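**Student:** One structure coming up, written as structure tokens, with questions to follow.
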Amino acid sequence: MDSLQDDPSKKVLLISRAGSDAEFAAVVGKVLEEAGYAVILQQWDFANRSFIERMHAVLAEGARVVALLSPEYFRSDHCQAEWQSALAGDPLNTMSRLVLRSRFARRRLARNMR
């Protein structure tokens, strides 16, 4: 399996998160930026702009989606639309456009930050 860093076109990551996970998404975004990725995050990049329009543009440019899975994420129609958009042209995810992270990482990260 290839690493995200193996291909420069795979270095733009859109973080898909539920509203209640905004703080955690910011931490993940900073970690990814420090690792050399360009991170697109709603609260950083879409202020005062149409979220749907910007998300569509970012995905059309080839960004990969990092989905921060949580119970709130699965209850959100908007979050479902985000990850489904990443797979629309590649339903088997052969291009690895969808990267998943589960909420257990959130608890582990919080524990490690103490």
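**Student:** Do we have residue 24 as part of a helix (DSSP H, G or I) and in contact with a helix residue (DSSP H, G or I) (Cβ under 6 Å, 6 or more places away or on another chain) here?
**Tutor:** yes
**Student:** On to the next question. Could you run through the stretch 29-68 and say how many residues are among the aliphatic types (A, V, I, L, M) and touching a strand residue (DSSP E or B) at 6+ places or on another chain (Cβ under 6 Å)?
**Tutor:** Of the residues in the stretch 29-68, 11 are among the aliphatic types (A, V, I, L, M) and touching a strand residue (DSSP E or B) at 6+ places or on another chain (Cβ under 6 Å).
**Student:** Condition first: outside any loop (DSSP other than H, G, I, E, B), surrounded by fewer than 16 Cβ atoms within 10 Å (Cβ to Cβ) and under 12 Å from the mean Cα position of the chain (by Cα). Can you find one or more residues in the stretch 34-51 that meet it?
**Tutor:** For the stretch 34-51, residues outside any loop (DSSP other than H, G, I, E, B), surrounded by fewer than 16 Cβ atoms within 10 Å (Cβ to Cβ) and under 12 Å from the mean Cα position of the chain (by Cα): present.
**Student:** Here's something else I'd like to know. Can you tell me which residue in the stretch 72-114 is surrounded by the fewest Cβ atoms within 10 Å (Cβ to Cβ), limited to those that are at pLDDT 80 or above and of a type in the set (D, E, K, R)?
**Tutor:** Per the stated criteria, the residue is 77.
**Student:** Go through the stretch 21-56 and give me each residue that's under 18 Å from residue 87 (Cβ atoms) and modelled with pLDDT of 85 or more.
**Tutor:** 40
**Student:** For the stretch 62-71, check the following and say yes or no: at least one residue is modelled with pLDDT under 85, assigned to a loop (DSSP other than H, G, I, E, B) and not acidic (Asp, Glu).
**Tutor:** yes
**Student:** Further, regarding this structure: So if I check each of 52, 40, which one is over 17 Å from residue 99 (Cα atoms) and among the hydrophobic types (A, V, I, L, M, F, W, C)?
**Tutor:** One residue alone meets the criteria, 52.
The values are calculated or read from the model by the stated rules, or taken from the named source; none is laboratory data. Quick caveat: nothing in here was measured; it's all calculated off a predicted structure. Reconstructed Cβ throughout: ideal geometry from the backbone, glycine too, with neighbour counts over all protein chains shown.
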